[in-house]
1. Can you spot a residue in the range B:333-342 that is outside the structural domain of B:S80 (by TED's automatic domain parsing), in a loop (DSSP other than H, G, I, E, B) and over 24 Å from C:R250 (Cβ atoms)?
2. Looking at the range D:101-120, which of its residues are buried (at least 24 other Cβ atoms within 10 Å of the Cβ) and among the β-branched types (V, I, T)?
3. Of D:V78, D:V138, D:V118, D:V101, which residue is among the β-branched types (V, I, T) and out of contact with any strand residue (DSSP E or B) (no Cβ under 6 Å at 6 or more places or on another chain)?
4. Output yes when any residue across the range A:317-326 is out of contact with any Leu (no Cβ under 9 Å at 6 or more places or on another chain) and within 14 Å of chain B (Cβ to nearest Cβ), and no when none is.
5. Restricting the first residue to the range C:317-341 and requiring it to be of a type in the set (S, T, Y), which pairs with a second residue that is in a helix (DSSP H, G or I) meet a Cβ separation below 9 Å and a spacing of at least six or different chains?
6. Would you call B:G251 facing another protein chain (nearest Cβ under 7 Å), on the phi > 0 side of the Ramachandran plot and in contact (Cβ under 8 Å) with a residue 40 or more places away in the chain?
7. What tally of residues in the range D:198-224 results from selecting those that are touching a residue at least 12 places away in the same chain (Cβ under 8 Å) and away from chain C (no Cβ under 14 Å)?
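The values are calculated or read from the model by the stated rules, or taken from the named source; none is laboratory data. Note that the structure is predicted; figures quoted are calculated from it, not measured. Cβ placement follows ideal geometry from the backbone for every residue including glycine, while neighbour counts extend to all protein chains displayed. SASA here: full protein model, heavy atoms, side chains in, ligands and nucleic acids out. Shrake-Rupley method; radii C 1.70, N 1.55, O 1.52, S 1.80 Å.
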There are 4 protein chains.
Amino acid sequence: MSQVRGSRVAVIGATGYGGLQTIRLLEDHPHLHVTYLGGERSAGRRWSELCPFLPILDDPEVQSPDPDKIAEFADYAVLSLPNGLACQLAPQLLKRNVRVVDLSADFRYRSLEQWKQVYVHEAQNLNRDDVQLCREAVYGLPEWKGPEIAVANLVAAPGCFPTASLLPLLPFLKQGLIENDGLIIDAKTGTSGGGRVAKEQFLLAEASESIMPYGVVGHRHTSEIEQLASEVAGQPIELQFTPHLVPMVRGLLATVYGRLRDPGLTAEDCTTVLKAVYRHHPCIDVLPVGTYPATKWVKYSNKAVLSVQVDNRNSRLVLMSAVDNLIKGQAGQGVQCLNLMAGLPPTTGMSLLTFYP
Amino acid sequence: MSQVRGSRVAVIGATGYGGLQTIRLLEDHPHLHVTYLGGERSAGRRWSELCPFLPILDDPEVQSPDPDKIAEFADYAVLSLPNGLACQLAPQLLKRNVRVVDLSADFRYRSLEQWKQVYVHEAQNLNRDDVQLCREAVYGLPEWKGPEIAVANLVAAPGCFPTASLLPLLPFLKQGLIENDGLIIDAKTGTSGGGRVAKEQFLLAEASESIMPYGVVGHRHTSEIEQLASEVAGQPIELQFTPHLVPMVRGLLATVYGRLRDPGLTAEDCTTVLKAVYRHHPCIDVLPVGTYPATKWVKYSNKAVLSVQVDNRNSRLVLMSAVDNLIKGQAGQGVQCLNLMAGLPPTTGMSLLTFYP
Amino acid sequence: MSQVRGSRVAVIGATGYGGLQTIRLLEDHPHLHVTYLGGERSAGRRWSELCPFLPILDDPEVQSPDPDKIAEFADYAVLSLPNGLACQLAPQLLKRNVRVVDLSADFRYRSLEQWKQVYVHEAQNLNRDDVQLCREAVYGLPEWKGPEIAVANLVAAPGCFPTASLLPLLPFLKQGLIENDGLIIDAKTGTSGGGRVAKEQFLLAEASESIMPYGVVGHRHTSEIEQLASEVAGQPIELQFTPHLVPMVRGLLATVYGRLRDPGLTAEDCTTVLKAVYRHHPCIDVLPVGTYPATKWVKYSNKAVLSVQVDNRNSRLVLMSAVDNLIKGQAGQGVQCLNLMAGLPPTTGMSLLTFYP
Amino acid sequence: MSQVRGSRVAVIGATGYGGLQTIRLLEDHPHLHVTYLGGERSAGRRWSELCPFLPILDDPEVQSPDPDKIAEFADYAVLSLPNGLACQLAPQLLKRNVRVVDLSADFRYRSLEQWKQVYVHEAQNLNRDDVQLCREAVYGLPEWKGPEIAVANLVAAPGCFPTASLLPLLPFLKQGLIENDGLIIDAKTGTSGGGRVAKEQFLLAEASESIMPYGVVGHRHTSEIEQLASEVAGQPIELQFTPHLVPMVRGLLATVYGRLRDPGLTAEDCTTVLKAVYRHHPCIDVLPVGTYPATKWVKYSNKAVLSVQVDNRNSRLVLMSAVDNLIKGQAGQGVQCLNLMAGLPPTTGMSLLTFYP
């Protein structure tokens, strides 16, 4: 494994769900090792006090993130911080030759201006002018940006909803098989997407035994999805995206509705399209026609499972996509990017098998 | 209350969820009383053995359904039987002047031919030719068929998905505010919709911590929704309907997508449309713009809570509707029909308040 | 109903779970009416903004609790406040002839000294010396303190764990059928017991798909249970009480272990003991031997369902008791107390039927 | 790895939860490989049709179990069959030199007579007289029977409840630190313990939002626990064991109550006892005093997490133990046994890290 480029990883925001998953995955990784744990609120405390459920050798202390120290101890940094914080830390790490995978939204837009329009609240309190850095950052969807990720210094891992929504949709947009207008994404997520932060609406008593839409028209992930969809389709796309909160811990299902351009296409044809595009991508499974994905099937794995169905009466297409919102939708995708950046096969260190049930 | 028309109700299929809910509701009803419990599998057994969680005075025995006995003891019968059974029992009860509310799909289509096309499996084993009865049966959606229900002898209570989907959609179809083409219904239901029947996919171990689509393109409720939607719109409507199984006991959310004909209409305008149509219907609540319904808000109540949002970029409309699949989506709607048939206010005996959380 | 003593109820702490349940129950009550909504954090806001899921006629504003106003508008006050607050408000209300049902722990001990020992944290920040008031307050377990409650001015509604634990245990202690030593209570509660307060451990992502013990040895409810157990047994009792957090919204199950004094007693005998003691208490159901209570059976009802089993090998007794922690374990019990105070039958306004499933 | 004894494993009962978990674990195992899939009901069907969520290379067909074929293709067989079936198949495999790990209860008792008394129903339909085989079978609790398991030809993997209950209890019994009389085990399990079999009580609609005791006094695992507890204590032990059904998929918590013989022992002392006994056992974690195990902490891992607390008032001891009922409580323990039988370290191929949350 002489061609592995670096192997030491700092995880900043270690005790949130994104940080935790990243650490968990890397603890079983044969080449990449966590060498620095950073966190503001938890700085100075022993890991075992904070997370007794995930024992780490030698029980390290969480550090207040210090760019010099991070650069001393790590080749890569995974940033799992609230929006508006990564854009402050990342430049300092890049300057010190630490390559960065950012799990937040700070570098997901190629245009800083657009970020400011979408993340109004965060932008208000920031004097952010890193136009060039935004332009250079690579959108970390490995199945579509693999070569760019491999050489990137700054990777912006996609949101969980964009990941699940774009994977089944992009092949059809790219090949012009689907009408660009009238696309609808109805997405359903477990509550861990809200993060390890005490908020009333994510209490079990509130969220259990209930499903509800939220952020209807105008959820921030809409523009993120539209950005790559437009790039791949080659023309501006406006779509409907509606997320729903589902009473489960993990898992995200996107149901995508569109209309085929060619009324002769069948569900089998469309399945073949997906299979062809993803045949060399081990993290993507395409199901046979008539089998639909349950989020349980991908829990704790870095896999997306896709399926497609067609209403022959009117050439309407239904695309379905299930991911674990914290793995393929977040930390696993981050590790997949790290693998590519380190010159490793994309799934190194991550089992693609789920535990069922 | 001298004008109450009859008050004795037989519940056939008493130990399934539909029967149980009906009994539960009627146990607190001031005018309608359960006077006969029917069931095939549970015939001859004491109620308390079958359902110790719902004590009934004098602990009656469940009877094998006998039309003569039912007619002797009851003015109304609620049939909560598997599809294909009600159509065998109902004619015998009607002949004996028992008015029937059927919770199954047997009489939901005005055309027997269409029923046979949709319920192929059930139709195969039946020699059914009750064309006239199908024509006369009234679709039991009280907010849209109230006067017909009041005088009907045979009411076919709608399915849970059609109820939740049609309530927010019909006002827009009726007033021609929405394009008839391209309607999409993405629905999410709790697992009690599968009935009180042991099936592997509804085991907690299988269904919990997961969401999955099923019956994608071609679910039976599609045609049921299309039937009334077409009738109200005045022209044939073909829509996409995709149900999803959600890890919760009760509750059903329909998210309906369409396009407004008038690009000037706002979410406030659309909310006003819903409020105007349902202003005298106590079982329907319309939420202010920006507030979205959670199924928890309607649990155990006979209420539907509606909300609407508009994407001003492209006049796309999102309608949301939450019901308890076993109450407003089934047994409560049945009792609402019974109330109308008995000359009572529609909500008699049913609290519209939920217990939260 | 000329003998109803007052009918206007103030609910203080209206938007917490205890307040919400109380309001919900009273909204359907034929004699008691909510006439004042009090709350600190929510003062000045319209009810419909705070709790859109529970519409109240005329959409009142929540008031910052003012004793004079409360006394002007209400005959009774239900206090659903954090521990350490009710003891500040209650005396001012009593002075103004408002009779008080307190859902907190402030008046559950007859000895102020003991309260200070158990509620150390709350006691530190309070200069509390209401010894006499503590002595006069009545412990609001209606099945055991009914006559005292009826004439009380200050009722301290029991905790959810003590309610579920004491109901099956007291008959055996009272009649000397069980050894006082070695009693063990293993209790399991839904997460709504943690209140409508954002705390990390009660997030769905944390609490779902998990069960855990907490407060092992030394949970505050231990001493509350021991207080009444000792009073009824006529000698000091020290018992083990271990609560567990269960991944469900509502419901509380207590499994109580002890040893019978008479080795000849059977499960049938013990069931007879329970039935005899509670035969005139409509909120208590005793199950036949071999049938065990599920918390689902009491959800949303003010009922406790009890069962008992005996290991004939060694005369060990297992008592089981299920309640809804927010109804019979909190607000429903409070309304039951209000009913007694107002001279009404204990279950007035509350259905004892559960919705199943 | 020349000393690995055999590496080919047959899994019989492949599509049940025990079989599935075994296959899942072995798919990631570096030395042991699944080479035969057996099952009665699923015989002749492709794996991908049966379990699309767990892709297996080359998509094998499930076979009707044939001892000759099994012996041809496998060195070991894991039997995951209903009680009463393994005892018919195992002798035939042993005769053919296939070493057997049985996940059922058929060989858990050293006395066939006792098995017949406990498994009355299964015994009725069997002409079973394999007294000697029962005597020779080894109880597969690796932390207590490691050397015997390593050389055994027939290992009876323990039940999930006995595993969780015995692990914290045995050290205290062995060292005589705890009174043998009056032991109480209050256990809580997820519903996957009921197996992948459609039964009404395990439906999500029935089991969710509820906790209930079952098998109170006389559950079959009582005698299994008593067998090893008595052996280790050196005298007959009779204890109370009460299982409860918890609304979660996986996880099992045992709360064990006893009394210390030495009133001077503290929780710290007792923690030291556990730590000392299990210091070389990687699958056992002992928590510091005051930290209690949640089943979420062990989900999908072959770990048991233990904790202990003491009531100093009366020397009462509370032991807590969390396992994943399908891993350390079943299939993982089976693989741990296979590892020992093959001369491998006990945790080979199994990560001990959980994914959280």
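1. Looking for residues that are outside the structural domain of B:S80 (by TED's automatic domain parsing), in a loop (DSSP other than H, G, I, E, B) and over 24 Å from C:R250 (Cβ atoms), one finds at least one in the range B:333-342, hence yes.
2. D:V101
3. D:V118
4. There is at least one residue in the range A:317-326 that is out of contact with any Leu (no Cβ under 9 Å at 6 or more places or on another chain) and within 14 Å of chain B (Cβ to nearest Cβ).
5. C:S321/C:T163; C:S321/C:A164; C:S321/C:S165; C:S321/C:L166; C:S321/C:L167; C:S321/C:P168; C:S321/C:L169
6. yes
7. Of the residues in the range D:198-224, 3 are touching a residue at least 12 places away in the same chain (Cβ under 8 Å) and away from chain C (no Cβ under 14 Å).
Residues checked against (1) open to solvent by less than 10 Å² (accessible area, probe 1.4 Å); (2) hydroxyl-bearing (S, T, Y); (3) closer than 26 Å to D:V98 by Cβ:
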{"position": "D:Q124", "(1), (2), (3)": "no, no, no"}
{"position": "D:Q132", "(1), (2), (3)": "no, no, yes"}
{"position": "D:R135", "(1), (2), (3)": "no, no, yes"}
{"position": "D:K145", "(1), (2), (3)": "no, no, yes"}
{"position": "D:V151", "(1), (2), (3)": "no, no, yes"}
{"position": "D:P162", "(1), (2), (3)": "yes, no, yes"}
{"position": "D:L166", "(1), (2), (3)": "yes, no, no"}
